[in-house]
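**Student:** Right, I'll just put the structure down here and ask away after.
The values are calculated or read from the model by the stated rules, or taken from the named source; none is laboratory data. These figures come from a predicted structure and were not determined experimentally. So basically every Cβ, Gly included, is an ideal-geometry build from the backbone, and we count neighbours across all protein chains shown. We work out accessible area using only protein heavy atoms, side chains counted, and drop any ligands, DNA or RNA first. Shrake-Rupley method; radii C 1.70, N 1.55, O 1.52, S 1.80 Å.
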Amino acid sequence: TTTLAPLSYSQTIDGMTGEREERFFHHYNMPGYASGEIKRMGGTNRRETGHGHLAQRANEAVLPKVEDFPYAIRTVTEIVSSNGSTSMAATCSTCLSMMQAGVPISAPVSGIAMGLMMGTDGKYVILSDIMGPEDFSGDMDFKVAGTPKGITALQMDIKLSGLTTELLKEALNQAKVGRLHIL
């Protein structure tokens, strides 16, 4: 969902460098039942905060200047089922929701989750659009979001001691193909 309001509704952030106002903020909600878990309903956890922030960063780059669109923008993603990258679903749905609400973004944004399965012999497979099992058992979870012109946000979790430049380049190229396909 996207909600528009006057700039006076911008969110005040009390950060390490003092107070600042943000006119765009994204909230990501994923109750336990979405992933088959039993947990108490309450405030957001670390995962929800991180996924929401990733979707927010991915879409901030395409927002209109405040002079051209003087509104505070709040987006919310409600995840009700999960067997894939819900943060990339949040990234795509946030963009679509803002477009539907009439926010004049500069370009559409999509995101894709990449995975890596590394063998003991050094051979590897890069996976596109990973699902739950690959995320849990894989050696890398790499999220790439952006427009047709470039990347707007990245997030990587690796379970290896390091990645080669060649492997990372291959993963980024494969992610670009996937993002453009989604768009």
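**Student:** Roughly how far apart, in whole Å, are the Cα centres of segment 91-108 and segment 1-25?
**Tutor:** 18
**Student:** Lys176 accessible area, nearest 10 Å², 1.4 Å probe?
**Tutor:** For Lys176, the solvent-accessible surface is approximately 100 Å².
**Student:** Only loop residues by DSSP count here, and only those with at most 12 other Cβ atoms within 10 Å; note down the GluC sites (Glu not before Pro) in segment 14-67 that meet that.
**Tutor:** Counting only loop positions with at most 12 other Cβ atoms within 10 Å, the GluC sites (Glu not before Pro) in segment 14-67 are Glu37, Glu67.
**Student:** Give the residue from His26, Leu163, Ala175 lying farthest towards the positive end of the charge dipole for the chain; charges sit on Cβ (+1 for Lys and Arg, -1 for Asp and Glu) and the dipole is referred to the Cα centre.
**Tutor:** His26
**Student:** Exactly which trypsin sites (Lys or Arg not before Pro) in segment 16-123 are in a DSSP loop and have at most 14 other Cβ atoms within 10 Å?
**Tutor:** Those satisfying the criteria are Lys39, Arg40, Lys65, Lys123.
**Student:** Rounded to the nearest whole Å², what accessible area per residue is found for the chain with the 1.4 Å probe?
**Tutor:** Here the residues of the chain average 58 Å² of exposed surface.
**Student:** Picking from Ile126, Val103, Ala89, whose Cα lies most toward the positive end of the charge dipole for the chain (charges on Cβ: Lys, Arg +1; Asp, Glu -1)?
**Tutor:** Highest projection toward the positive end goes to Val103.
**Student:** Please give the calculated 222 nm ellipticity per residue for the chain, where each DSSP H segment of at least 4 residues contributes -39500 (n - 2.57) and the sum is spread over every residue; nearest 500 deg cm²/dmol?
**Tutor:** -9500 deg cm²/dmol
**Student:** Tell me, what % of the accessible area of the chain is carbon and sulfur with a 1.4 angstrom probe? Can you show the working numbers first?
**Tutor:** Values: 5850 of 10660 Å².
Result for the chain: 55 percent of the exposed heavy-atom area is carbon or sulfur.
**Student:** Quick check on packing: order 107-119, 76-88 by the mean number of other C-beta atoms within 10 Å, highest mean leading.
**Tutor:** 107-119, 76-88
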